[in-house]
């Protein structure tokens, strides 16, 4: 044993320095506990219990092979059920094997405790308790939306349940506590870091759940404007996340005084290095406060035309009619010229230009054109469409037709096209021609002297 320790010191001097002799004693004690536990499994009744556990595992495998497809087909035929109920059934279906194992092993434990001594079913009861804790951890981890974090939380809870119920947690905690790094008067152990990760993860999950719950409740209140709904949601989210972070650090014993000084220095550095990011964040709050842009508004910015689908902390999502989604930084909406078609009112006026031939009566054209847009469903009758004569062109009398709509989010080009079709039908019905440029080509006769020169040249 001493020779192995000497070899380890020669190969890894840093590791030997980090692990103190007390930690080595604790690790040796943990190894002894593991050895005694494994040796206890070789006893006659322990071996029988192990055999029974493997039998339960085999029965679980067979029942899962039969029940899982049947449950899946049954779920597919549940038409009209609420989505939350179908999601709950899907979660149960994914952990059906573990659920069946827990049910079977607890039935075996209860039966054995009735027909024999409790010590004869101790190992089976221990495995049943661990399996139940793992099943609960699987369902609890579903609260985490990110798939990677969900798997990390689930496996972490599983490992903790196994170690805790097997009785090894105290020894492992002592090992983790002995592995520490000191910075002046601050002593940070591996156990403290592990606790900080677990507690802050739980607090962040709870903060996210409360933030989403608050945002959904605010969105249901029709008395709050859409921009204020987004602003309230963002403020609550930031406040809950900050509270979860500081409470998590305080719960594991970190001194927040030094953290405040460090965060101030980091904030100055980030202020210079992330000016654009900070500018977009501040611009986002300005947009929410002055209500200049809100979800559902139809805007035009340079070559981008569409409606606001969501307001983010850094950007605004604009969805166009062709399905393209533009992520426009908040700063651009503050500094550039933005056309908001529905800022204070959803009433929008559209213009189309057309011309008729000089053989037409312009007074009659005005009357016909003013009525034609009303045949389109999206054109509103009040204010009434109007038509004005704008000029005398080279080949046509020019007019402008103006009409109003209240739903710019449904598009502008399509309603213009429908009005053009209605105007075309109205003008054709009144036998009014729409002129187009005509070019006449006149071929002059060739002089006789040029014909003679061509004959001689030939």
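Please treat every number below as a calculation from the coordinates, not as lab data. Because the structure is a prediction, the values reported are computed rather than measured. Positions of Cβ are backbone-derived with ideal geometry, glycine not excepted, and every protein chain shown enters the neighbour counts.
Taking the number of Cβ atoms within 10 Å of each Cβ as an exposure proxy, the fewest-first ranking of 74, 169, 341 is 74, 169, 341. Each peptide among 292-301, 413-422 gets the average number of other Cβ atoms lying within 10 Å of its residues, and from highest to lowest they stand as 292-301, 413-422. Global dimensions of the range 305-376 from alpha-carbon coordinates: Rg and Dmax equal 19.5, 60 Å. Sorted ascending by nearby beta carbons within 10 Å, beginning with the fewest, 364, 79 become 79, 364. With the convex hull of the Cα atoms taken as the outline of the range 303-437, the averaged projected area works out to 10.2 nm².
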